[in-house]
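Here is the structure we will look at, set down as structure tokens.
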Amino acid sequence: DVSSPKHGKVDPDNMPHVGGNTWAGGTGGRDTAGLGGKGGPYRLDAGHRVYQISQAEKDAVPEAVKRAAREMGEKAFKQRLKEIQMSEYDASTYERFSGAVRRQVQSLRIILDNLQ
């Protein structure tokens with residue numbers, strides 16, 4: 001069961017973590033920032049293979065936990081914007097322009113990685 005969203009512990013060795021509710025950047029778990037899980041406050045990719053839980057499990061998360069996760073994610077987003085001295089308007093403008101060229105940038109990254 002989910003209880004309350006949190007960032008989670010940071011693994012200094014960046015080992016892959018699947019399931020549970022301890023590690024930030026894990027996959028398929030609960031309550032912590034990561035990918036493929038449920039009840040976490042925001043997505044956090046630690047660069048590992050993603051294990052996805054079922055949509056039915058995600059839908060079963062209580063509304064109070066979903067609301068708390070959204071609030072925590074929004075707070076973390078605003079804090080990050082403050083750290084990089086960006087307003088919410090700047091972020092939405094950046095996202096609009098970035099989204100328009102996202103595929104081309106990804107293709108260019110693949111080409112450059114292959115050249116290296």
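The values are calculated or read from the model by the stated rules, or taken from the named source; none is laboratory data. Remember, predicted model here, so these are calculated numbers, not experimental data. A quick note on method: Cβ atoms are made from the backbone with ideal geometry, for glycine too, and the neighbour counts reach across all protein chains shown. What goes into the accessible areas is simple: the full protein's heavy atoms, side chains included, and nothing from ligands, DNA or RNA. Shrake-Rupley method; radii C 1.70, N 1.55, O 1.52, S 1.80 Å.
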Report, in deg cm²/dmol and to the nearest 500, the calculated mean residue ellipticity at 222 nm for the chain, where each DSSP H run with n ≥ 4 adds -39500 (n - 2.57) and the sum is divided by the residue count.
-16000 deg cm²/dmol
Quickly work out the THR22-to-ARG109 label distance, labels modelled 7 Å from Cα along the C-beta direction, and quote it in nm with one decimal.
3.0
What does the charge count around GLY19 come to, taking other residues whose C-beta lies under 12 Å from its C-beta (Lys +1, Arg +1, Asp -1, Glu -1)?
0
Using alpha-carbon positions, the gyration tensor of the stretch 24-87 gives root eigenvalues a ≥ b ≥ c; with a/c under 1.5 called rounded, otherwise prolate if a/b exceeds b/c, else oblate, the class is oblate
Once amide hydrogens are built 1.01 Å from N within the peptide plane, the residues lying 5 or more places from TRP23 or on another chain with amide H under 5 Å from its amide H are LYS9
Suppose accessible area is computed on protein heavy atoms with a 1.4 Å probe; arrange THR22, THR27, THR93 from highest to lowest.
THR22, THR93, THR27
Please check which bits of the stretch 56-84 a label hung off VAL10 would reach, taking the label as a point 7 Å along Cα-to-C-beta and the cut-off as backbone N under 20 Å.
72-84
Tell me the carbon and sulfur percent of the accessible area for the stretch 1-98, rounded to whole percent, probe radius 1.4 Å.
52
Taking alpha-carbon centroids only, the stretch 5-45 lies from the stretch 87-108 a number of Å equal to 26
Relative contact order for the chain: what percent, with Cα pairs under 8 Å and sequence separation of 6 or more?
17
Can you give the charge dipole size of the chain about its Cα centre, rounded to the nearest 20 debye, using +1 on the beta carbon of Lys and Arg and -1 on the beta carbon of Asp and Glu?
160
Order by accessible surface, 1.4 Å probe, largest leading, for residues PHE97, PHE77 comes to PHE97, PHE77
Computed over the chain, the ratio Rg/Rh where both radii use C-alpha atoms and Rh is Kirkwood
1.03
By the Cα gyration tensor axes a ≥ b ≥ c (a/c under 1.5 gives rounded; else a/b larger than b/c gives prolate, otherwise oblate), the shape of the stretch 54-116 is oblate
Please calculate how many Å² of accessible area the stretch 26-105 carries per residue, with a 1.4 Å probe and no DNA, RNA or ligand atoms counted.
71
